[in-house]
Each structure stands twice: as C-alpha cells, then as structure tokens.
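Notes for the one structure printed next.
A short reminder: the numbers here are calculations on the coordinates, not readings from a lab. On a predicted model such as this, the values are computed, not experimentally measured, just so you know. We place every Cβ from the backbone using ideal geometry, glycine too, and count neighbours over all the protein chains shown.
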Ligand SMILES: Cc1cc2nc3c(=O)[nH]c(=O)nc-3n(C[C@H](O)[C@H](O)[C@H](O)COP(=O)(O)OP(=O)(O)OC[C@H]3O[C@@H](n4cnc5c(N)ncnc54)[C@H](O)[C@@H]3O)c2cc1C
Ligand SMILES: [Zn+2]
C-alpha cells in the first residue's frame, strides 16, 4: 500500500485515491507525420520499464484531479519525491 | 534417464525409495554453447527441450538466476484454455493445448493436466455479446466452445450464485470443456528432466548480468560466475525482460507489474471446474490438495517487488464471495505476487531482435502458463532456424512499429 504525497494538495493520501499515468517525461512529437514508423512506435509503445529509479505520472483522481510526477523505486516501492508537472526531478538514477 | 513406470515404483520401493536417480544433473558450465537460454522458467525449459528434441541442438545451457521454475511458473494459478479471439492468438494457444493433451506421455512425467473445463462468466449485455462473438470465432478456428445459460452454469458449478438479485448477476458464460489446470511445478520439472536427458546443461543460481556482442552479433553472456560463450542467446525472462534486453541495448514494449494470487486452507472437493469473471475480476479453481486457488488483479503501476497492493486482493475476494457465498467462511492460507510483463496488446513477443543471434520470448503477461508447451515449441523453431515459426510470425516485435497489433484485451481481460 503506497502513501502518496500530492504536491498540489500538500497531503499524504492512500494510493486508492490516485490512478497511475505511466512513465513521465515522454515528450509528444511536435510533428508526428514527420516521424518514421520506428520513431512513432517507440513513442507510443516502448518504455524504459526500469528496475529501480522510475519517473512516473500520477493523477489525483478523487482529490484535486490534477496530474503530477513521482520518482519511485520500483523494487522497494519507496517514493523518493513527488513534483509538479512541468518541473524536473531532483533525484535521478545517476545521482542516487 | 531411467523411465518412470509402475514397475520402477515397485522396484524402488524395495530399497525404501532411497536409490532413485537424480532428476537432473548439476553440471559446471562449459566454455561455450550453441545456444544459451536465459531464464529457467517453464517457457525457457520447454524451449531448451524442443531445441534438443525436435532440432537436434543439444549443446545448450539454460541459465537461471534462482532455481528452476521459481519465477511466475511457480506463482501462477495454472489455468489453461485456448479460447482467444483472434486467429493468430487462438492458433498459438490451441497448439499449446494440443501439446498439453499429450505432455505427461511425451515427458514421462505426470504434469497432472486436468481438462475440467473453463467458464468465462458474463454479467451484462455487452459481456454476453463479446462472449458470443468470441465463441463463434473459436468455433470457426476449430476450437471447442459453447455459450451456456445460468442454469447450465449452476449444473457445472453447483455452489455458484446465479440469483438475479446479486449486484452483478450472472447472465451466461463461455464454456471450453478442453480447458482446465495442470501442476505448475511438474511442468517445469518434467521439461527440465527431459532436456537434461537430451544433454542440456541446467545451470542454476547463476544470473546473467550482461550480453556480450561483437560486430552487432551475440558472442555470449556475462554471468555472476563468469563469461560463457554462445552463438545464440534466447531470453525467456518474463518480468525481468526489459532489464535483460537493456543489457544488449534493446528496448521492449512491455511493462512489469505484480500480479497476485492466494490459496485457502484445504477443503473437501467442492469445485471441479475453473470459473473466471472479467467484469467482477476474479478467478477460482480447486487444487487436487483441496485448496481454493484464487487469482487477483494486476497492480495498476510498475513494480518488481513480487508483492502487490492489498486493495487489489480485497477487491478480488469481494468478487469471489459474491460468486460463491459459501466461500465467505473459508480461511486464506497464503498470498503472493509474481512480476508479469505485459504488452500493450496483451499478446506475447516471440521474436528475433536487431542484434544478430539474440531472441526474445516475453510479454506473456498475466496468461502465459497455458502457453508453456506451445511457446517453447515455436520459439525453439524460431531460434533454430533464425526465422519465425509460422505461428510465431505475427508475434514479431515489429508489430509495434507496423501497427499490426493483436488486441486480446477482451479474451485476456481478466488476469489469469
Ligand atoms: C499470480 C499469477 C497468476 C497467474 N495465473 C495464470 C494462469 O492461471 N494461467 C496462465 O496461463 N498464466 C498465468 N500467469 C502467467 C504465467 O505465470 C506466466 O506467463 C508464465 O509462467 C511465464 O513463464 P516463464 O517461464 O516465461 O516465466 P518465469 O517462470 O517467470 O521464468 C523466468 C525466469 O527467468 C529468470 N531470470 C530473470 N532474469 C534473469 C537473469 N538476468 N539471469 C538468469 N535468469 C533470469 C527468473 O528467475 C525466472 O525463473 C499468472 C502469473 C501470476 C504472477
Ligand atoms: Zn491532489
């Protein structure tokens, strides 16, 4: 059971209040029609699926109904930080 | 390999069963192999077995970081069926079902395959339309199936609640009589014993930590016990596939998440079939030992922790108690999780990769136990010939670039 800190509500809430949004920081291509099938397929379907530090989106479904990002360890499930959409994580695999 | 038979049982009884031959050897790895199979789960062991048996390639090692069959093979709820919607998937799963039908004889090992039938319940009009469509598609593919009424369901599983007054009433089901269950460990052990007898080296407690390449082609694997050379490397590592693929700079379209199951204390025989429901999300059968084997859902977020969220189990238990009110008094004994690797289209990847000599068989997600024999069979063929087996061709990793996905979210809707 995760206790997730919503950076908008500034509260620790039960994971059942949230829904998962998948890997964060995947930039939507500005010109999809200019991409090759490989690049477009990679954007749509291929993920890092990291074992360890993972940056991911969460949606506070039954709270403020806003998206934010979390840095979580996918082995221990420890949430190392949560931060607002549009900002960058302070913890990455490299500096851990 | 000494054959198991009634006679050998009798003979060994005379020496108090102390002189049975070891089921497989524990060899020290050679310097190099024709093929290295990474991952000693059911699929990896079946791959090695068919490479040796069908293709005559016996200079093979299976490298397993833990013990044989200790991954999802040991953690699943053992449901077997082939009633998938699309031609490509149903043919692959039905090849597997046909192999299951002769597997105990083939391996001279009792895999306890029990064709007790599988019910997939429908709880609303759309469920029933989907079920009818799927059963019709199955029959066109030569796969057994029927749409059955609540009354017929009650005959098959008398403890089930078909009252119209329940929150999600049962309106009907698909019924595949050839489906059923098998003994998970026995499948891994049977393939392991068969492969070992054909000369395959089964290397346990050895983790693959790197994939060495030269000029774009595989030359071997780094392991916790040193480098081992190989002309071909076939990865069958389920939930850890992205990690292993990254060792060769390959990206996969899978995400790894915990899927949970639980078993009750053993009770007297009361359910002699398999009951699954997508809509309320639960599935249940009874093992030969008497415990109720219950499968829960997959966590909504990525994780490698081999444990899942409590509310997921709670939700499944609610569903099971509504389907079988009598089970509300049964105590649960154990609960666990396994890491499943799911593809966006709920179908597996059986494929060559951009690296010459590197192959992947993964993405079976929540439902690959049933496919163990067929997956090993077509993957062995793909690896041996460096060309996809006809039934594996559609499961090429390229489909995520061409767009030719095989959407089995309906038939695979409930994690199983
Ligand atoms: C709770 C649960 C219920 C399920 N129920 C069903 C069901 O009812 N019916 C059904 O059909 N399917 C079911 N499944 C799915 C099924 O268990 C899997 O699809 C199937 O067992 C996968 O087999 P495998 O041999 O590929 O994987 P595994 O048995 O997981 O084998 C992979 C092996 O690779 C090894 N490995 C990983 N990384 C490395 C490395 N770097 N070096 C060496 N070895 C490595 C692992 O230790 C593991 O032993 C269920 C799964 C779970 C978790
Ligand atoms: Zn919030």
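Quick check: pseudo-label points 7 Å beyond the Cα along Cα→Cβ at residue A:35 and residue A:13, how many nm apart are they?
Taking the two extended label points, one gets 3.1 nm.
Calculate how steeply helix B:372-385 sits against the longest principal axis of the alpha-carbon atoms of chain B, using the helix alpha-carbon long axis, and give the answer as 0 to 90 degrees to the nearest 10.
In chain B, helix B:372-385 runs at an angle near 30 degrees to the longest axis.
Please list, short to long, the whole-number percent of alpha-carbon pairs of segment A:46-96 in consecutive 10 angstrom bins beginning at zero.
25, 52, 22, 1
Please compute one quarter of the surface area of the Cα convex hull for segment B:368-411 and express it in square nanometres. All intermediate terms of the calculation are to be shown ahead of the outcome.
Values: hull surface 14.5 nm².
Orientation-averaged projected area of the Cα hull: 3.6 nm².
Using a 10 Å cut-off around each Cβ, can you sort B:336, B:364 from fewest to most neighbouring Cβ atoms?
Least crowded to most crowded, the residues run B:336, B:364.
Tell me, what does the Kirkwood hydrodynamic radius of the protein assembly as shown come to in angstroms if you use every pair of distinct C-alpha atoms? Please list the in-between numbers first.
Working: mean 1/r = 0.0416 Å⁻¹.
Its Kirkwood hydrodynamic radius stands at 24.0 Å.
Any chance you could tell me what percent of the C-alpha pair distances in chain B go past 40 Å?
16
Taking each pair of different alpha-carbon atoms in segment A:4-94 once, compute 1/r for the pair, average those values, and report the inverse of that mean as the Kirkwood hydrodynamic radius in Å to one decimal.
Details: mean 1/r = 0.0701 Å⁻¹.
Taking the inverse mean of 1/r over all distinct Cα pairs, segment A:4-94 comes out at 14.3 Å.
I'm a student and want to see the number: the projected area of the Cα convex hull of segment B:307-406, averaged over all directions, in nm².
Details: hull surface 36.0 nm².
Reported value for the Cα convex hull: 9.0 nm².
With 10 angstrom as the radius, rank B:131, B:153 by how many other C-beta atoms surround their C-beta, starting from the fewest.
B:153, B:131
With viscosity set to 1.567 mPa s at 4 °C, what whole-number translational diffusion coefficient in µm²/s follows for segment B:282-334 from Stokes-Einstein and a Kirkwood radius over Cα pairs?
106
When the Debye formula is applied to the Cα atoms of segment B:111-158, each taken as the same point scatterer, what base-10 log of I(q)/I(0) results at q = 0.13, 0.27, 0.29 Å⁻¹?
-0.36, -1.09, -1.14
Calculate, in nm to one decimal, what residue B:321 and residue B:55 gain on full extension: separation in residues at 0.36 nm each, minus their alpha carbon distance.
The residue B:321-residue B:55 span can extend by a further 90.9 nm.
Is it possible to state the helix-based mean residue ellipticity at 222 nm for chain B, with each DSSP H run of 4+ residues giving -39500 (n - 2.57), the sum divided by total residues, to the nearest 500 deg cm²/dmol? What is it? Display every interim value, and only then the final one.
Numbers: 12 runs with 122 residues, N = 416.
Rounded to the nearest 500, the figure is -8500 deg cm²/dmol.
Expressed in whole Å with the largest first, what are the equivalent ellipsoid semi-axes of segment B:54-115 derived from the C-alpha gyration tensor as the square root of 5 times each eigenvalue?
After scaling each eigenvalue by five and taking roots: 23, 17, 15 Å.
What do you get for Rg/Rh of segment B:1-105 when both radii come from the Cα atoms and Rh is the Kirkwood radius?
That ratio is 1.03, to two decimals.
I need the shape label for segment B:77-186. Rule: rounded when a/c is under 1.5, else prolate if a/b > b/c, else oblate, with a, b, c from the alpha carbon gyration tensor. Mind showing how you got there, number by number?
Details: a/c = 2.83, a/b = 1.54, b/c = 1.84.
Since a/c reaches 1.5 but b/c is at least a/b, the shape of segment B:77-186 is classed as oblate.
Between the alpha-carbon centers of segment B:69-108 and segment B:386-400, tell me the distance in whole angstrom.
That distance is 19 Å.
Measure nothing but the geometry: give the 0 to 90° angle between the long axis through the Cα atoms of B:310-323 and the longest principal axis through the Cα atoms of chain B, rounded to 10°.
That works out to roughly 50 degrees.
Sticking to Cα atoms, compute the Rg of segment B:96-254 to one decimal and its Dmax as the biggest Cα-Cα distance, whole number, in Å.
22.8, 67
Largest first and in whole Å, give the semi-axes of segment B:174-327's equivalent ellipsoid, each being the square root of 5 times a Cα gyration tensor eigenvalue.
For segment B:174-327, the semi-axes come out at 38, 21, 13 Å.
Please work out the Cα center distance from segment A:1-70 to segment B:203-267, rounded to the nearest Å.
26
With axes computed from alpha carbons, what is the tilt in degrees of helix B:42-55 against the longest principal axis of chain B, rounded to the nearest 10 within 0 to 90?
60
May I ask you to derive the relative contact order of chain B, considering only C-alpha pairs under 8 Å and at least 6 residues apart, and to give it as an integer percent? The partial results should precede the final answer.
Details: 979 pairs, mean separation 92.5, N = 416.
In percent, rounded to a whole number, it is 22.
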